[in-house]
1. List the pairs whose first member sits in segment 130-157 and is β-branched (V, I, T) and assigned to a helix (DSSP H, G or I), whose second member is at pLDDT 95 or above and within 11 Å of ligand 2 (Cβ to nearest atom), and whose Cβ atoms are under 8 Å apart, counting only residues at least 6 apart or on separate chains?
2. For segment 357-371, give me each residue that is surrounded by fewer than 21 Cβ atoms within 10 Å (Cβ to Cβ) and assigned to a helix (DSSP H, G or I).
3. Only residues that are under 20 Å from D278 (Cα atoms) and either at pLDDT below 95 or out of contact with any strand residue (DSSP E or B) (no Cβ under 7 Å at 6 or more places or on another chain) (or both): list them for segment 21-65, please.
4. Only one of K139, K124, K117, K90 is among the basic types (K, R) and near ligand 1 (Cβ under 10 Å from one of its atoms). Can you tell me which?
5. Quick check on my filter: what residues within segment 331-356 are in a helix (DSSP H, G or I) and hydrophobic (A, V, I, L, M, F, W, C)?
6. Quick one: is Y55 hydroxyl-bearing (S, T, Y) and crowded, with 17+ Cβ neighbours inside 10 Å?
7. May I ask you to list the residues in segment 171-201 that are within 16 Å of ligand 1 (Cβ to nearest atom) and either outside any loop (DSSP other than H, G, I, E, B) or surrounded by 17 or more Cβ atoms within 10 Å (Cβ to Cβ) (or both)?
Amino acid sequence: MKNIIVLGVTGSIGDSVLSVIKQNKNKLNLLGITFNSNTAKAEDIINEFKLKNVYTESNQSHEFLKHTFENNYELNILRDKSELEELLNKDDVDIIVSAISGFAGLESTLMAAKTGKTILLANKESIVVAGDVILPLAKEHSTEIIPIDSEHNAIFQCLNSDKNTEDVSKIIITASGGPFLNKKISQLSKVTKKEALNHPNWEMGAKITIDSASLVNKCLELIEAKYLFNLNEKFFDLVVHPQSIIHSIVTYTDGSSICQMSNPDMRVPIAHALSLYDKRLSLNFSEIDFSSLKLTFEDIPEDRSELVNIARDICNLGGSSGTVFNAANEIAVQSFLEEQITFDKIYEVIYRTFDAIPMSKNIDVNTIYETDNQTRIEAKKVVKSIS
Ligand code: NDP
Ligand code: MG
C-alpha cells in the first residue's frame, strides 16, 4: 500500500489524483490533504476517504474544520506549518503530490523536497521560480521528483522512467494551442474571460487555463523541463499539436523517436507516476480511436516568439529570472480574470515587468520571496498604467 498526501487536493489535479486512488484502493491510500478555501469539497473528501489528516493555512477554513468535525476524533486538524512538515516527514508517508496552483505552491514543495519521499510534481511554478534551490535540496535529501505535468511525464516515460538523457538528441514538447490557436495577439483584445477559460481539450484550474490560452504555460513547461531533465534549452522544441494526443516526443541519437500518447486526461500521467517501479495501475480510461485519428503539428505562432525567447533566456540565465517571469505572469493573469486588462495585454505586462526588474544570479529562498514581492508591485504598476 502506498500512502499519499495531496497538497492542493480541492483543485483539478486533486480531482484526478483522487479518481486514480479510488480506482486502485487496494494499492493506494489517501493519508492527508491540504486545501485553501473550498471547505465544502474538503468536507466531502474528508468524509469519503475517512481521512486522518488535514491542513489549511486559511483561518476561515480552519475554523470551519474545527466546527464541522468537532466530534470526529479520528481526524487530525493541523494548525501550524510545523505540523504539516511533521506530517510530510512521517515514516508511513510514501508520496507527496504537489498540486497547489501558482507561487503559493512553493513553500510546501520546498518542505516536500526535504523529506526523502517521492514528490509527484504538478506545481510547475515552484520549479520555474526555485529550480536552482529545489533540485539540489531534493538531491541532498534523496527526494525523488516525478513529473505529472502531462508533457514531462510523457518525456519521463519515453526515457523509460529514467532521467538519463545521454542518448537524447531532441525532445519535442507539444502544445495544444489552446482556445486561441490561429489567432494573432492583435486579435485578442476583445476575447472574453469565458472564451479564454474554455480550453478545447483539457479541463483545468483557471490560472493554468489562461496560461494555456496565452502560451505562457508552454514557456513555464520549457523551463520546468530544462530543470527536471537537466538539459540545455536547445534540446527542446515546442510544437503545436491541436489534438493533444501525443504529449511529448523524445528523439534518440540513433534516429528513433519515441512518443507517449493518450486522450487528454490527467489521470493517465498521474496513474503512471503513482505506479512507479511497480506494475501499472488500472484505470477506466477512454481509448484512442486510432481508426479516425488525425494528428497534426505546426510551429508556434510567429508573434509568440518574443515570449518563447524570454523563456529560453530564463533557461540560460537561471537565478531570479524565473521568479520575475512567473510573478509578472501571475499578476497579468489575475488582472485579466478581474477584467482590469484585456487578454492581449497579458503579454505587455510580462514584457514590461521583465524588462524593469534587475536580475540576480545567486538566489536563495529569501531572495526568491523578495523578488516575487518586488515583481508583483512592478507588474501592478504596469497593469495600472494600461487599464
Ligand atoms: P486549481 O486552481 O484547480 O487548484 C488549486 C489548488 O491549490 C486548490 O486545492 C486550491 O485550494 C489550492 N490553493 C490555491 N491557492 C492556495 C494558497 N494560497 N495556499 C494553499 N493552497 C492554495 O489548479 P490545478 O489543479 O489546475 O493546478 C494545480 C497545479 O498543477 C498548477 O501548478 C498547474 O500549473 C499544475 N498543472 C495542472 C494541470 C491540470 O490539468 N489542471 C495539468 C498540469 C499541471 P482551494 O480550491 O481550496 O482554494
Ligand atoms: Mg502540461
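The values are calculated or read from the model by the stated rules, or taken from the named source; none is laboratory data. Everything numeric in this text was worked out from a predicted model, so none of it was measured. Counting neighbours? That spans all protein chains shown, and the Cβs are built from the backbone with ideal geometry, glycine included.
1. So the pair list comes out as I155/P147; I155/I173; I155/A225; I155/S248.
2. Selection gives V365, N366, T367, Y369, E370.
3. Across segment 21-65, the qualifying residues are K22, Q23, N24, K25, N26.
4. Just one listed residue meets the conditions, K124.
5. Result: I331, A332, V333, F336, L337, I346, V349, I350, F354, A356.
6. Against the criterion (hydroxyl-bearing (S, T, Y) and crowded, with 17+ Cβ neighbours inside 10 Å), Y55 qualifies.
7. I173, T174, A175, S176, G177, G178, P179, K193, A196, H199, N201
This table checks each residue for (1) touching a Leu at 6+ places or on another chain (Cβ under 9 Å); (2) away from ligand 1 (no atom under 15 Å from the Cβ).
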position	(1), (2)
Y227	yes, no
E233	yes, yes
F236	yes, yes
C259	no, yes
R267	yes, no
L283	no, yes
